[in-house]
Ligand code: NCD
């Protein structure tokens, strides 16, 4: 049985197959509209979500399947003290595939051991978010026509931002990638990413604090929200939350060909005035999330058009 817990479980070839499938779905949605008839996706969201949960649900409906689940763990038996293992073992009796988001790092991995059906990690604490990474890779591929030879800047909360951890890991396997990691010192990328991914594979990277200084070098700018819910105290959050605010003015030295991504939700870190700039593609990124999840569900359920 297949799960997707960590993006590094997929080879770059498998990722490319999913991207190609998503591109075909975009061009020929009709061809796929019935391939999951009779199948059920369960979305178990123990943390808030708009895009991830609804894109999974929309993806399953787009494949002709059905959806069950909960978007608030307070309405599930978790609130009575049930373990993750027992919950997913139960859900595995009612669904063919499970997408799960949980505040505890590793919870989807634990779930995958007792579910009896494929489990997809839809975000686990400050750890990983592999389906956002698939979304990001499809978005970059559609924009640039390649995933190679790019200077990628990550800006904001690189410590707690799970989308950042998964995307750095995934992109480190493509040729000619260099990273510029832009954050306050307190919110730098966790050491294990530096040692186990970047240094181990000799990937060029810089850790810097200035967004403006880095701007002219970037092909991709991946902005992120400061992850308030992962902070130990509110005072630190208040001090750091507005460290970076992208405005049209700050884009003056950026390349014409820059692509600005953000997994969303945005709080203050991108001014709405930037939305009009053709380089801002975070809402295209939202749309791509549905198609790549359609491709992923098909793969894990082993269905074909
Ligand atoms: C992200 C997440 O949940 O990690 N959102 C998403 O899934 N698109 C980013 C965030 O919450 O800041």
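Taken together, the values in this text are just the output of simple stated rules run on the coordinates, not laboratory data. As the structure is a computational prediction, the values presented were derived from the model and not from experiment. With ideal geometry, Cβ positions are generated from the backbone for all residues, glycine too; neighbour counts draw on all protein chains shown.
For the chain, the alpha-carbon coordinates run over 54, 45, 39 Å along the three principal axes, in decreasing order. Remark on segment 95-150: hydrodynamic radius 12.6 angstrom, per the Kirkwood mean of 1/r across alpha carbon pairs. Residue ranges 167-180, 232-245, 260-273 sort as 167-180, 260-273, 232-245 when ordered by packing (mean number of other C-beta atoms within 10 Å per residue, highest first). Oblate is the label for segment 128-167, because the ratio a/c of its alpha-carbon gyration tensor axes (a ≥ b ≥ c) is 1.5 or higher and a/b is not greater than b/c. Here the contact order of the chain, divided by its residue count and restricted to Cα pairs under 8 Å and six or more residues apart, works out to 20 percent. The angle separating the long axis of helix 51-62 from the principal Cα axis of greatest extent in the chain is about 50 degrees.
When both bridge partners sit in the chain, DSSP labels roughly 5% of those beta bridges antiparallel.
Multiplying the residue separation of residue 277 and residue 75 by 0.36 nm and subtracting their alpha-carbon distance yields 68.6 nm. Cα centroid separation, segment 133-185 to segment 82-131: 25 Å. Remark: segment 165-305 projects, on average over all directions, an area of 10.8 nm² (convex hull of Cα atoms). Between 0 and 90 degrees, the angle of helix 130-144 with respect to the longest Cα principal axis of the chain falls at about 50 degrees.
Axis of helix 12-27 versus longest Cα principal axis of the chain: the two differ by about 80°, to the nearest ten degrees. Shape summary of segment 32-81, radius of gyration then Dmax from alpha carbon positions: 12.4, 40 Å.
Here is the P(r) of segment 228-304: all C-alpha pair distances, binned every 10 Å from 0, give 15, 33, 26, 19, 6, 0 in whole percents. Seen from all directions on average, segment 5-114 presents a Cα convex hull projection of 7.5 nm².
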